[in-house]
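What follows is a short report on a single structure.
The values are calculated or read from the model by the stated rules, or taken from the named source; none is laboratory data. It should be emphasised that the depicted structure is a prediction, and the values quoted were computed from it without experimental measurement. All Cβ positions, even for glycine, are placed from backbone atoms using ideal geometry, and neighbour counts span all protein chains on display.
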Amino acid sequence: MPKNKLSALLSLMLVFLSGTLVGAVCYRLYMVNTVTGTATGIRSSKPDPEDIRKRRVTEMREKVKLDDDQVAKLNIIYDHTRQQFHALKKKGDEEGHTIWENQKEAVREILRPEQLSLYEQYQKDQDEQRKRRQQMEGKDGRK
């Protein structure tokens, strides 16, 4: 094989290999995924409300210098507040359900009789999808 052909072949291989190397490095830099780990003290899901409450009571005991009687009263205040929020959520859920049912009834009123069975099936499918999503959210620790 003549020297020129060997030199051309080696140059071509060198260019091909360097292009492959540069392409791989660029691909790696471009496609880097972020790390989603949990470090000490960092949580990926919502913190437990009881843990927050205990931490706040402890902090207030230390920083505001609460005595035992004040801590007991603080816990009563926190219990009362929790009950109020639960009542508000329940009331909101009930009102939301009523609005949702009113919407469904209004939709039924605009449908022709042959469309009603299709709409009922559609609603059934939507309810099943919602239940599956809620189950998945529950398993993931969200909500």
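Worth pointing out:
- Every pair of residues 6+ apart whose Cβ atoms lie under 6 Å, when the first sits in region 116-143 and is under 23 Å from Pro49 (Cα atoms) and among the charged types (D, E, K, R) while the second is at pLDDT below 90 and not in a helix (DSSP H, G or I): Glu137/Lys143
- All conditions in (1) at pLDDT below 90; (2) surrounded by 10 or more Cβ atoms within 10 Å (Cβ to Cβ) hold for Ala72, with the sole exception of (1).
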